[in-house]
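For reference, the structure discussed in these notes is given below.
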Amino acid sequence: MGRNQAVREFKIYKKMKNYNSKFKNNRGQIALIVLAIMAVALTTTVSVSQRVINDLRVSYQQQESAKAFLGAEAGMEEALRRLKSGEQISQIDTEQIAQSVGISEIVVNQPVTQGGGEEFNYPVTLEPGQTAVIWLRDHNSDGTLNESSGYNGENINFCWQTGAAVEVIYFYRSGANYSIRRFAFDTNETRRSSENHFSAPTMSSCADLSTGATLDLTAGTPLFLVARPFYQSTQVTVEGMSGQTIPVQGAELTSAGAVAQGATKIARKIRVFRGWSAPPSSFFQGLFSGTGVSGN
Amino acid sequence: MPLGEGDICSPFNDPNNDHIIGFGMSITDSDSVSAGRYHHVRYADMNIGSIASPLLLVHYVDNGDNTYSVAKTAGSQRDAIGLSTYSRSRTGSTLYVDFSLDVNNFPFSVGDTYDVFVRAEDFAGAVANWRNMGQLEIWNCQGVNISGKVYDVSYYYPDMVCGNLSDSDPNISGLPNTNILFDAVAGDDVSALTGVDGRYTAALRAGSSYRYTLTRSPFFNAIADLADVTAGDECLTGETAVFTVTEGPRGVIDFGMSSQRDPWIQVIGADLTAYTSITVDVPQTCVDNYGGGGECLPFISVSKLTRSAASIFSENSIVAARAGISSGQALAVGDPNNWRVIDANLWHRPGGSGYNYYVGLAGGTLPAGERIEGDVNLSAISGLSDGVVASGEEEVRLIHGNLAMDRNLTVAQGGIALLVVSGNITFDSNVTIAQGIFSADGNISIADGDDQLILSGIFVADADSDGAGSVINSRSLGIDDALTPAAVFIYRPDLAVAMLRGTTTQGIMEAEARWEEIRP
């Protein structure tokens, strides 16, 4: 029994001796592995932390940017309301609006008239079927049409972008009567011949746009044009002829909101073109249905 | 010449006594016996059964085609068995005697048969024998053997006689088991005569006329026995009487008939835009009429009311739809410019420009009287109940409900009527003129009625663009649908301009505004 115990202890001793010998031989490798693991863990931690920090920062900036945009919108809404009601834009309480949306600053600029030059680029890109009114008469201070002054040229160039077809409805006055004349152009020859039977444009370039046509306005005193594109969206421009200027079409307003961040600002800015009041687009058509039309 | 009213089985209503059923004979007296200014036949008689009353109206026609009336002679009734009537002729003339029955005073009994005899006597006293003309048979509740020209009154030709054919005219539709057999009138186009056994099945061809008879048994059966009444029949003292009987008593009438067409609408100087499809069934009859020089304009979009009228406000307009345009038999969609657009990308205003849009624009500024809650009739709206809007007058109503246009509405140039409705706008059957700007979130419906509806102004259905609401026409002009639209929409540019000048309308117009973000 005592001997057996001694043999077992001797075997254990030998195993431990062998193990210690191997361990001493691999100590460098283990240290390297531990170091590598630690480096990876550290890198990951730092990266995640940076990402979280960035996300937090971006999120904060987005939040502040959204607040700045909201402030700009609020300023513009108030400006448009005042324009409609005849109140002064300069008297907008921008500080109060800024506080209400939680930003540091709102700036609303005075309206800048649009039009009044030799050509007028309609500031809205028109979608197919959408209408734009281009005024050929001046407007009174109360926003009503002044039929006694305005564009008096016998012709006017109407410009749009290749690919679109356009209808132009010319409203004019002849004596005591109001009448219209329609023009319809398409740059696409296939559509002209097989589908819509519109006229071909007469100009290969017009103002800054790629196509156009000269409209005959001699039927009466010009009042306004209503433009409606088809098939694809387009910008439209009218170009006065014989030195005639295009009447003022409306005004441009800008409104900016800003949030201070230390020495810097997060700012957003909005621009709005506001034309003269006009009937909705459906009112320039005799019969309009949001769905279908059945004659029987 | 309408033949009568009511059921053809009843006696004809002939208040003017101008409907006749004639028997006739021509008589040549060859004895050359002079009797002063007159010679030849002294009288002619007719016996019809045992009728006691002299019902025959007699006249004669001389060789110059002059017609002379001949009064019935007292005592002309012979032997209480029939009728006799004196007649006479001028020298050198041939006597034609029409024994014309006053159809309003038939004494005949239905179902009986009557022998008809005629004879003549000259001034020399020669009397022909009674000649049996055959039998007059009175059928029970039978139709007259009608013949006549049939005109397709889809086409208003100057020689059209009868106008519109209705059930109450010859009452064809009231006759059971009636078939109409057509014979072509010489010189007319008969190519449209198709069908089985000559029965009418096809639409009458434009510009053609047709003669037809009913296959029903006639009121009068054939009575002529011409074999018994021929030239050379011996008269006493050598006179020869030639009796010619008309080819059976018959009614003669000219009919106007027209194939029923679907009603249709037309726009005049007005753009027509639909965000799904447009279906207008322009009839072929309009096309034919147009080609034949008529006034009908076989197009959806035109510049004038009729071919000969002046253009209204502008040339024709553009018909535009997202899904498709169906124009029936139209020659083209538009005239003079066949402008049409099918564009699946047509812009659709989000939310539309419906009732709530205008309420939002108006804010609280619109006077209380211009806001109406609930369904309303035009005649109940203050300021519009008289149906007249004068120049300078501005009538704006925002109606939270449905609007029934129960009377005409006219708007003078310089005035404006703007009716914005959250529900439907219905033009009642009695309305023939409606002017103004009409905007409905739901339907614009046109009720059936007898007369064409002239809609002048601006008309918007499904204004709120929620996909519920369209333009629905139920008006039908009956036979006139063949040649004219049931409803026409005429654009009124002055109304759009009036909106720009109006004080109330200023408050419900929106300035074009484009928002965009730019660099700070």
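What follows draws every value from the coordinates through simple rules; no lab data is involved. Note that the structure is predicted; figures quoted are calculated from it, not measured. As a convention, Cβ positions derive from the backbone with ideal geometry for all residues, glycine included, and neighbour counts pool all protein chains shown.
Quick notes on this one:
- From most to least packed by mean Cβ count within 10 Å, the peptides B:299-312, A:85-98 give B:299-312, A:85-98.
- Rounded to the nearest Hz, the phi-derived 3J(HN,Hα) couplings of segment B:442-456 under the Karplus curve 6.51 cos²θ - 1.76 cosθ + 1.60 (θ = phi - 60°) are x, 8, 9, 10, 10, 6, 4, x, 7, 10, 4, 9, 9, 10, 10, where x marks glycine and proline.
- Computed E for A:T202/B:T503 - FRET, C-beta separation, R0 41 angstrom, nearest 0.05: 0.50
- Across every direction, the projection of the convex hull enclosing the Cα atoms of chain A has a mean area of 37.4 nm².
- Using the Cβ of B:G478 as centre and a radius below 11 Å, the other residues enclosed give a net charge of -3, where K and R count +1 and D and E count -1.
- Under a 5 Å amide H cut-off, with hydrogens placed 1.01 Å from N, A:F224 pairs with A:L136, A:F171 among residues at least 5 apart or on other chains.
- Label-point separation in nm, A:E252 to A:N26, each point 7 Å along Cα→Cβ: 7.6 nm
- Charge dipole (Cα centre; +1 on Lys/Arg Cβ, -1 on Asp/Glu Cβ; no other charges) of segment B:350-510 amounts to roughly 340 debye.
- Take every Cα pair under 8 Å whose residues are at least 6 apart in sequence, average their separation, divide by the length of chain A, and the relative contact order is 25 percent.
- Across the alpha-carbon set of segment A:78-225, the Rg to Rh ratio works out to 1.09, Rh being the Kirkwood radius.
- Shielding by partners, peptide A:266-274 (average Cβ within 10 angstrom, other chains): 4
- The modelled label-to-label distance between A:E95 and A:E127, using points 7 Å beyond Cα along the C-beta direction, is 4.2 nm.
- Phi-based couplings in Hz for segment A:141-148 (Karplus 6.51, -1.76, 1.60; Gly and Pro marked x): 5, 8, x, 7, 6, 9, 6, 8
- Here the sum of -39500 (n - 2.57) over DSSP H runs of 4 or more residues, divided by the residues of chain A, equals -11500 deg cm²/dmol at 222 nm, to the nearest 500.
- Charge dipole of segment A:67-125 about the Cα centre (unit charges at C-beta), most positive-ward option of A:V101, A:Y122, A:L83: A:V101
- Amide H contacts for A:E147 (H built 1.01 Å from N in the peptide plane; partners 5 or more residues away or on another chain; cut-off under 5 Å): none found.
- Two-decimal log10 I(q)/I(0) for segment A:197-246, as the Debye equation yields it once each C-alpha is a single scatterer, q = 0.14, 0.25, 0.32 Å⁻¹: -0.43, -1.34, -1.50
- Spin-label model, A:M241/B:T306: points 7 Å from Cα along the beta carbon direction are separated by 3.8 nm.
- Of every Cα-Cα pair in segment A:137-294, the percent that sits beyond 28 Å: 34 percent
- Convex hull volume of segment B:260-347 per residue (C-alpha atoms, cubic angstrom): 80 Å³
- Under 5 Å, built H, 5+ apart or other chain: amide partners of B:I490: B:I268, B:L455, B:S456, B:G457
- P(r) tail for segment B:350-510: Cα pairs beyond 22 Å make up 38% of the total.
- Cα-based helix-to-principal-axis angle, A:2-85 vs chain A, degrees rounded to 10: 20 degrees
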